[in-house]
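I have placed the structure first, in the form of structure tokens, so that the comments after it can refer back to it.
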Amino acid sequence: MRKWLILLASTLTTAGCGSSTAPSNTGGHSSVIDANTDLSFRPTPDTIAVGDTVRFAWHSVPHNVVWDATPVAVANIGSGASGFTSGDSTRVLGVAGTYAYHCDIHDGMTGVIVVQ
């Protein structure tokens, strides 16, 4: 029982964190969205279940994620011209709806996640 409580507390602490090297996966499977060197997010659109973890994987050139329209507030990943070039950042999307986002560094780099 004690081990289970420690694991639960660790999971809840990780779920509140804005970025991580591994997905916190508190609600189900993890969906990976690649921020590519060809200036696109893939896959888009992506459909996930309520509570699933979305992991953004960065590859070489700087990118960030700015949320345009969401059913609830979601923290941006990076800001302005400062973006991530490697590693992963995660978000748990716990409310059904359509989440639109873009890279503030690269004009036209957009994505959509549908949470069902």
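The values are calculated or read from the model by the stated rules, or taken from the named source; none is laboratory data. Note that the structure is predicted; figures quoted are calculated from it, not measured. Cβ placement follows ideal geometry from the backbone for every residue including glycine, while neighbour counts extend to all protein chains displayed.
I'm trying to understand the selection: among the residues of the range 96-116, which are more than 14 Å from the chain's Cα centre (by Cα) and either of a type in the set (Lys, Arg) or not in a strand (DSSP E or B) (or both)?
Of everything in the range 96-116, those that are more than 14 Å from the chain's Cα centre (by Cα) and either of a type in the set (Lys, Arg) or not in a strand (DSSP E or B) (or both) turn out to be Ala96, Asp104, Ile105, His106, Asp107, Gly108, Met109, Gln116.
Conditions: (1) part of a loop (DSSP other than H, G, I, E, B); (2) surrounded by 12 or more Cβ atoms within 10 Å (Cβ to Cβ); (3) at pLDDT below 75. Leu39 meets all but one. Number of the miss?
The single condition Leu39 does not satisfy is (3).
Out of the residues in the range 85-95 meeting the condition of being more than 11 Å from the chain's Cα centre (by Cα) and touching a residue at least 60 places away in the same chain (Cβ under 8 Å), tell me which one is farthest from Asp34 (Cα to Cα). Write out each step before concluding.
Our first condition is that a residue be more than 11 Å from the chain's Cα centre (by Cα); within the range 85-95, this holds for 85-87, 94-95.
If we keep only those that are touching a residue at least 60 places away in the same chain (Cβ under 8 Å) too, we end up with 87, 94.
Values: Gly87: 11, Gly94: 21 Å.
The residue in question is Gly94.
Quick one: Thr70 ticks every box in (1) closer than 15 Å to Ser40 by Cα; (2) modelled with pLDDT of 95 or more bar one, so which box is it?
Tallying (1) closer than 15 Å to Ser40 by Cα; (2) modelled with pLDDT of 95 or more, Thr70 fails exactly one: (1).
Which condition number in (1) modelled with pLDDT under 80; (2) touching a Gly at 6+ places or on another chain (Cβ under 7 Å) is the one that Leu12 fails?
(2)
Inspect all residues belonging to the range 90-100 and state whether any of them is within 20 Å of Pro45 (Cβ to Cβ) and among the aromatic types (Phe, Trp, Tyr).
yes
Residues checked against (1) among the hydroxyl-bearing types (Ser, Thr, Tyr); (2) surrounded by fewer than 20 Cβ atoms within 10 Å (Cβ to Cβ); (3) not in a strand (DSSP E or B):
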position: Gly51; (1), (2), (3): no, yes, yes
position: Val54; (1), (2), (3): no, no, no
position: Asp68; (1), (2), (3): no, yes, no
position: Pro71; (1), (2), (3): no, yes, yes
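Output yes when any residue across the range 97-110 is buried (at least 19 other Cβ atoms within 10 Å of the Cβ) and in contact with a helix residue (DSSP H, G or I) (Cβ under 6 Å, 6 or more places away or on another chain), and no when none is.
no
Of the conditions (1) within 15 Å of Ile113 (Cα to Cα); (2) within 14 Å of the chain's Cα centre (by Cα); (3) crowded, with 16+ Cβ neighbours inside 10 Å, Asn64 fails just one. Which one is it?
It is condition (1) that Asn64 fails.
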